[in-house]
Structures are given as C-alpha cells and as structure tokens.
Amino acid sequence: MKGFMVMLLICSVTMSAAALFYMAATPLLAKHYSVKARYYSWLVIIIGLIIPFRPKFGNALVKVNVLDSPAVPVIRLGNGTSVPAVVPAGIAVPSALPNVPWWQIAGALWLTGMIVFLVYHVIRHLRFLKLVSRWSDNVTDDTQLEVFQSLKTQMGITESIGLQVCESIGSPMMTGFVKPRILLPDADFTTDELRLILKHELVHYKRRDLWYKGLVLAANAIHWFNPAVYLMTQAIDSQCELACDEEVVCGTGADIRQYYCETIIGVIRYQSKRKTALSTFFYKGKKGMKERIFSIMDMKKKKTGLSIMGGVLILTLGLSFTLSAKAETKEPPKIIQEDIKEDLSFSYGFLPDPQVYSQYADFGITISENGKELLYGGQKVRLFVDEYAKDGALFLDEAGTLDLAVNRSADGSITGIDKISEDKAQKYRSVYFSDDIRAAAKVPNAAADNTQNTAGKSKYDQYQAYGIELSSDGNTLYYNGQRVKLFLDILADGAAETYWSDDAGTVSLSAVRDANGQITSIAKISEEQAQKYLSALEEREKNSLDGLEEKVEAKVKEKYQDN
C-alpha cells in the first residue's frame, strides 16, 4: 500500500504538470492542429492518470527517497534490564504513543474520497435517468424520424438509437452506454436546425464520447484530491464539443457554418442545468460560446497527424524521468556490533516495529498483541533476519522457538521466508547479535520470562530439592504448594541470580547460600525484608547504568562517522 500511495502521488503531480502545460499550449496548438487531434491527445494524460505505475529511472533528475522508520535497537544488560540505544539523528525512534504510518492515513483518506466521489456521480446519474424516463416520450413525428434515419444512413450507423422528447431538459443530449438515446427538449426546431442538432449528437455516438467521458470520470475519481484534474476535466469537456462541431461543419461553406452558430445560440432560450458527467450536452453555456463560434467559423486547413499525440506522450515520459520515486537500497547498518559488545558486555535485540514488519504479513509474519513478540504462523519467533532490508528487519527473542531468514530475488523483492538450521542461526547471531544472552533476572513487577537456559533446562530446577516448582506453562511458581509472590536469589556480589514477581502470589521467599555460594535452603521473608532486597537491586541497577548512555553514544557515533 505504501508503494502504491507514493506512486499515486507522483503520478498525480507529473500528470497534473503535463495537463497544465498542455492546456497552456492549446491556444498555440489551435493555430496548426485540428480540434480532433487535440481532443484525442488528452487520452495519453487520462490513461497516465488512471494507471499510476511508471518505469523507475535510476538516474532521474529529481529523486523522491521513501524511507521507512527502522526498528529501534534495545540494549539488554546482563541483569535483564532493557534500555534504548542512542541512535544516529537520521534514524527515528518510535514514540510510546500509537504511531500510524502516514501512508495508511493517506490511503484511508484517498479510498474514502474516491468512494464518495463515485457514489455521488452514480446517484446523480441514476436520478437524472429516472427523471428523464418519467418525462420523456418517443418522437412520433414522421418528418423528424425521417431526418433522423437519413442522418444515420449517411453516417453509416446501423445500431438502434432511441429518439425522445423530454420536457425536463433544456438542451439536446445523448445518454446511455448500452441503450443509447438522444433526448430533445420540448421545442419547435426547424427541419434544418434539427438536422444539425441530430448530426452533432450522432457524431458523439460514432466517436464513443460517452465511453471517453467514463475514462475522464475514472481519472477524476482516482485523483479527486487534485484541483488540476478538475480543470483538465473541464478542458476535455470543451474540446469534446468543439471536436463534434468540427465534424458537423466539415466540408461546408461559411453560410452553413453561420447557420449552425445561430442554431447553437438559439438553444440558449431552452437552456437547463440538468445534466450529468455521463451524458453529452449540446449547449455548454455562454462561457464557452465565443470560443465555440470562432472554432466553427475557422475554415483554415489544420494538421490531423499523430505528431501532437506523440508530443504529449514525450512530455509525459519526460516528466516521469524528471521526477522518479527511488527507494533507498542501502543495506541496513549493523548497529552495535562486536566491538561495542566487547567493551560493554551486553546483548541486544529489536522490538518488532509494525511499520517494519508489515511488509512480511503476506508471508505469515505477525506481531503479538502485546507488541513484544514476533510470530510466524502463530508460533513465537526466536531469530528473524532480513539481511538486505533497508529498514533494519532484525529480531531476537530467546523465548521464541523459530529461526527464520528472508529470501529476496535479484531485484530485491521478497520471495519467501525460510526456517533455518541452528548452525546458520548461530552464524547470524554472531554477526548481528551478542552471544551473551543473560536473562536470569527481571526488573521489578515483571512476570517470569526466559526461564530456560540454552540447554533447554529450567533455571528453577536447582531449587526443586528445596520445594520450589515451576508450572508447566512457565507462568506460575510454587513453594510447597503455595503460589509464590516474590522469590529472590541474591549472590554474594549483590547481583540477582534469580528474580520472580507475581502479584497473585501469597508467599515471599529468598534462597539461602553458604560461604561457597551453594544453596542450603529456602527461607520465607517478610514484606519489609522483601522491600530491602528490592531497594538494593534497584540501586545496583541504577549504578550499573551510570555512564552507559555516553559509552553507547560514543560507540554509535564512531560507527556512523562517515554518514
């Protein structure tokens, strides 16, 4: 969706520029080219608006770089505490508030606007058809029917076309894609006037102008937000009538042309505002009357070749070359590499950013409801690596069970996601992540996590002989059948070997170790003792973080000194 919205906006800008340039050049082109050539040349721009996809030019004069918000690295200290890493200014750190990508908002607005635009015109057209059907009667006058049939024969039209008189309209028009019909106002036209009017509408039918108008309406619906497209629609509507006039008077003298102009002027007295975008309209109002009469009376020979259409096509391609959307293709920076690990002795991973991982949704990748876990087919992902992603798609969660890597084709598009072996996963870990995965302790008020070591054994097995037992789902700790509220195993140096917190528990415990560091028993502790332990842990944690931010910042700046 993001790529489509970017392409749509670029298409709208380039085609608007082409349309405005073409409109500005129309007075000059009118001196050398026929109205028909100018009218059909608009098709190039219309199709360009309807089909927004363009070839990408690597050496475009103006490039629009579309950058995603990369995943944010999180430093996990040896005691399990997570702190955000300092990243270069060019990499945005997501807010704690919901961050909806701009392209999702723009896409929703665009789709809503297009639906409203189409619904409005469809309802308006259906109401118009209902109105004219109610107030229309088939023409029964033999003279009028004879003139109509004679014109159809002369123009080589064999299809059935209705001819009706409608009291609710003020100008001749044609409507109906499947069952076309010409509607005449309830007026007393002379035979010569009727002949010119009917010929004008039959020219519309022969040229399939209703279908042309349908394409223009589609382009307008897609680019409903663009004022230049509305100007283009008006210009095409005017050119449509001028092109029909040109064919009606083709090969006639000045007297017939003048009479035709008088016929158009005479229709003014019957004018009405009832019309739709999907019908022709013989009289378009006083505003364009002057241009229309001058065009009809212009008897100069004009060019009718394809050169003008070729010029518009070149203009369109030229603008596409000038303004091209080119996504960055740089490989993701290897933030916090081995040199930082050695100095600070920490391991790190990435929080799964929805904006980053949405590109893998079609391949089975989702994010858990709590926003902390990456899932593949509903299973927790342990390692996820996309080596050539431009948005830092790297993820590590020791509580997961699947190791995955992304496959890409030669052009960089995603072709699939594969499960990888333990050996290959370890190679990725050694490159992108630290091997020192220490999650033996948790921050206060956190639920139990990372309860198994790399050998698959629970770290609570060492306490089983003393009455400690972990539930099969790893979410509840028991001591002789009682649910544990707080469990601490503090080492001699003050670090927490094990920390467990569960507000639903009823008993607080502490592991007792001898001078050699061996567990001797499990002791119940009071709330006051528990708070002392927690305070000591918080103080130790605070001290361990002193100066860490400055060290990380210095290392990251060193890594990005060339950027």
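The values are calculated or read from the model by the stated rules, or taken from the named source; none is laboratory data. Just so you know, these numbers come straight off a predicted model, no measurement behind them. As a convention, Cβ positions derive from the backbone with ideal geometry for all residues, glycine included, and neighbour counts pool all protein chains shown.
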Selected residue (only one of Leu184, Leu217 is touching a Pro at 6+ places or on another chain (Cβ under 8 Å), in contact (Cβ under 8 Å) with a residue 12 or more places away in the chain and either more than 17 Å from Asp142 (Cα to Cα) or not in a helix (DSSP H, G or I) (or both)): Leu184
Output for the range 111-156, where each listed residue is over 16 Å from Leu194 (Cβ atoms), β-branched (Val, Ile, Thr) and surrounded by 15 or more Cβ atoms within 10 Å (Cβ to Cβ): Val132
Any hit, the range 104-113, residues being among the polar types (S, T, N, Q), modelled with pLDDT of 85 or more and under 22 Å from the mean Cα position of the chain (by Cα): yes
Meets criteria (of a type in the set (Lys, Arg), closer than 30 Å to Ile51 by Cβ and in the same structural domain as Phe21 (by TED's automatic domain parsing)) for Lys206: yes
Among the candidates Ser160, Ser171, residue that is surrounded by fewer than 16 Cβ atoms within 10 Å (Cβ to Cβ), hydroxyl-bearing (Ser, Thr, Tyr) and part of a loop (DSSP other than H, G, I, E, B): Ser160
Any hit, the range 233-245, residues being at pLDDT 70 or above, farther than 30 Å from His121 by Cβ and in the same structural domain as Leu28 (by TED's automatic domain parsing): no
Boolean, Val122 is in the same structural domain as Ser16 (by TED's automatic domain parsing) and either modelled with pLDDT of 50 or more or not in a loop (DSSP other than H, G, I, E, B) (or both): yes
Among the residues listed as Phe21, Phe53, the single one being modelled with pLDDT under 80, in the same structural domain as Ala108 (by TED's automatic domain parsing) and exposed (fewer than 15 other Cβ atoms within 10 Å of the Cβ): Phe53
Residue, modelled with the highest pLDDT, within the range 383-420, restricted to residues that are of a type in the set (D, E, K, R), more than 26 Å from the chain's Cα centre (by Cα) and surrounded by 19 or more Cβ atoms within 10 Å (Cβ to Cβ): Asp403
Some residue of the range 223-235 being among the hydroxyl-bearing types (Ser, Thr, Tyr), surrounded by fewer than 17 Cβ atoms within 10 Å (Cβ to Cβ) and within 13 Å of Leu196 (Cβ to Cβ): no
Any chance Phe177 is buried (at least 18 other Cβ atoms within 10 Å of the Cβ), among the aromatic types (Phe, Trp, Tyr), at pLDDT below 90 and not in a helix (DSSP H, G or I): no
Strands (runs of 3 or more DSSP E) wholly inside the range 467-531 that include at least 1 residues being at pLDDT below 85 and more than 20 Å from Ala399 (Cβ to Cβ): 482-490
Test: residue in the range 155-171 that is within 23 Å of Leu217 (Cα to Cα) and either in contact (Cβ under 8 Å) with a residue 24 or more places away in the chain or in the same structural domain as Ala219 (by TED's automatic domain parsing) (or both): yes
